[in-house]
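First comes the structure, then the notes that go with it.
The values are calculated or read from the model by the stated rules, or taken from the named source; none is laboratory data. Keep in mind the model is a prediction, meaning the values are calculated, not measured. Counting neighbours? That spans all protein chains shown, and the Cβs are built from the backbone with ideal geometry, glycine included. Side chains are part of the model used for accessible areas, which takes the heavy atoms of the whole protein and leaves out ligands, DNA and RNA. Shrake-Rupley method; radii C 1.70, N 1.55, O 1.52, S 1.80 Å.
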Amino acid sequence: MNTPNDTIVAPATAVGGAIAVVRMSGPSALAICDTVFSGARRAGEAAGYTVLYGTIADGARVLDDVLVTVFRAPHSYTGEDAVEISCHGSRYIVRELLALLVRRGARMATPGEFTSRAFLGGKLDLSQAEAVADLIASGSRAAHTLATDQMRGGYSAELETLRGELLRLASLLELELDFGEEEVEFADRTELRAAMERIGAKIDRLIDSFALGNAIKEGVAVAIVGRPNVGKSTLLNRLLNEERALVSEIPGTTRDPIEATLNLDGILYRFIDTAGLRTTDDTVERMGIERAYASVARAQIVLQVFDAADPAIEPLDLRPDQCRILIANKIDRMDPAAAPVSLPDGALPLSAREGRGMEPLLERLRAAVDASALDDGRTIVSNSRHYEALHHARTALDDALGGLETLPSDLLGEEIRQAIFHLGTITGEITTDEVLGQIFSKFCIGK
Ligand code: GDP
């Protein structure tokens, strides 16, 4: 990480809009701005949160009319002195302005450098900084809610409480050491066990929430499988209400998994239309079928489609965490006068072509994701780095619990300190340059 004694600059907006914002932050931000900006007042003389109107010029050559928003340390995103220059949204103007500011002493920011400065300056903890990236990337109501909650710090506060409770236990154990083995045991083992189990249960709840958190952030993967020609592509089209997948009369023509998304009540479902599951000699098609099995393995929900007139269902090897929805398609072709065909248990009768039976299917899709935690405002972990850290913390706590009766106090305390360490990596109390580098390099320039 660069030491924040220099001044960084980067475009803060994407190209294409009417207005572009260039952001500059660091000890010389106001001074550098004043070397190119002239208006009724200089940025260096303005109070924080002031907007100044004027022109940007390189010597005698005027580049643009701009608005400059002045931020004074520590009341800015980074915690440093900063300016945001709003200019006209021309790629040329932005490039010239950046070049000009760099010539006057600023440095082009690296990806995520504004946010990493906000973290180093104590404006955000690490999980809040990560939430900024999630917020910018959020594409659904649920993902937005998660990122906002995490950014506001509710999650950090919960972790802080857990850390605090563990620290109390660790210090009790250390106190016990100071008084020697013959002395009174300060941390009564039964009480200690109960406290550790209580904390462990809270960590477990956070770990379990990752299934939903990950689904919200990445979308819920849904694989559509079934024999060729049963109507998988038609069903997908019907679901998405658009002709994206290839519909064909020839069996086995859907060879490439096609990804498409559907937003149901703020949760994104990612559909993977796959080649029919059947044995074949055709190499290209076989590759498609292998991919179909692979997408079943990746899916949280498997829509297994069959022809209502031919209710033969291929056996599927599903994990307990996967949800299967059976769909008896083409019911429009059933002769109402003929004896009814008995459908397998729980199968949804449906006509993809005519759009009949779609509402119960959407209901099943909604029900397959338990999003109640989101509505209840419970903390949901959506970041895999946090998920891993929670696992490590839980393992350390388990080791301590396992050795409660046998381990000496100092080793017990050491295990608890390990759990504290891992929780601390989430919010960044404990971190390394390497971890920070990894996190912030995934940000865009200007964040
Ligand atoms: P896939 O190979 O499983 O993807 O099947 P397709 O979606 O390509 O459909 C195969 C054929 O079945 C096409 O001619 C579709 O129009 C037809 N089809 C699909 N769904 C229905 C349905 O609900 N009713 C009827 N009658 N035909 C359907």
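Things to note:
- In the set GLY59, GLY17, GLY79, only one residue is surrounded by 15 or more Cβ atoms within 10 Å (Cβ to Cβ), among the small types (Gly, Ala, Ser) and either at pLDDT below 95 or touching a helix residue (DSSP H, G or I) at 6+ places or on another chain (Cβ under 9 Å) (or both); that residue is GLY79.
- Matching residues in the stretch 325-346 - criterion: being over 15 Å from LYS232 (Cα atoms) and open to solvent by less than 40 Å² (accessible area, probe 1.4 Å): PRO344
- Members of the stretch 226-243 found to be of a type in the set (A, V, I, L, M, F, W, C) and over 23 Å from ASP370 (Cβ atoms), listed by number: VAL230, LEU235, LEU236, LEU240
- Single unsatisfied condition, ALA294 versus (1) over 30 Å from the mean Cα position of the chain (by Cα); (2) modelled with pLDDT under 90: (1)
- Top-ranked residue of the stretch 329-365 - restricted to ones that are among the hydrophobic types (A, V, I, L, M, F, W, C) and touching a Gly at 6+ places or on another chain (Cβ under 9 Å), ranked as nearest to ALA211 (Cα to Cα): LEU348
- Selection of first residues in the stretch 318-335 that are at positive phi and of second residues that are part of a strand (DSSP E or B), restricted to Cβ pairs under 8 Å at least 6 apart or on distinct chains, gives the following pairs, ordered by first then second residue: LYS330/ASP307; LYS330/SER351.
- Selection count where residues are within 15 Å of the ligand (Cβ to nearest atom), in a helix (DSSP H, G or I) and among the aliphatic types (A, V, I, L, M), scope the stretch 351-378: 2
- In the stretch 314-350, residue nearest to the chain's Cα centre (by Cα) [restricted to those that are within 15 Å of the ligand (Cβ to nearest atom) and of a type in the set (Val, Ile, Thr)]: ILE327
- Pairs where the first residue, in the stretch 352-372, is at positive phi and the second is hydrophobic (A, V, I, L, M, F, W, C), C-beta under 8 Å, 6+ apart: GLY357/ILE331; GLY357/LEU348; GLY357/LEU350
- Residue match in the stretch 30-39 (condition: charged (D, E, K, R) and either open to solvent by 60 Å² or more (accessible area, probe 1.4 Å) or assigned to a loop (DSSP other than H, G, I, E, B) (or both)): no
- Leading residue by the ranking (farthest from PRO311 (Cα to Cα)) among those in the stretch 229-251 that are near the ligand (Cβ under 7 Å from one of its atoms), at pLDDT 85 or above and open to solvent by 20 Å² or more (accessible area, probe 1.4 Å): THR234
- Test for THR69: is it open to solvent by 10 Å² or more (accessible area, probe 1.4 Å) and either within 30 Å of LEU262 (Cβ to Cβ) or over 16 Å from the mean Cα position of the chain (by Cα) (or both): yes
- Each residue in the stretch 201-228 was checked for being in contact (Cβ under 8 Å) with a residue 60 or more places away in the chain and either acidic (Asp, Glu) or within 16 Å of the ligand (Cβ to nearest atom) (or both), and 7 pass.
- Yes/no for ALA309 being farther than 13 Å from VAL222 by Cα and within 12 Å of the ligand (Cβ to nearest atom): yes
- Residue in the stretch 257-269 that is modelled with pLDDT under 55 and within 13 Å of the ligand (Cβ to nearest atom) present: yes
- Scope the stretch 40-53; condition surrounded by 20 or more Cβ atoms within 10 Å (Cβ to Cβ) and without any contact (Cβ under 8 Å) to a residue 24 or more places away in the chain; matching residues: LEU52
- Residues located in the stretch 397-419, provided they are open to solvent by 10 Å² or more (accessible area, probe 1.4 Å) and either among the aliphatic types (A, V, I, L, M) or within 31 Å of the chain's Cα centre (by Cα) (or both): ASP398, ASP399, LEU401, LEU407, LEU411, GLU415, ARG417, GLN418
- Residue that is in contact with a helix residue (DSSP H, G or I) (Cβ under 7 Å, 6 or more places away or on another chain) and hydrophobic (A, V, I, L, M, F, W, C), where the choices are LEU120, LEU126, LEU98: LEU126
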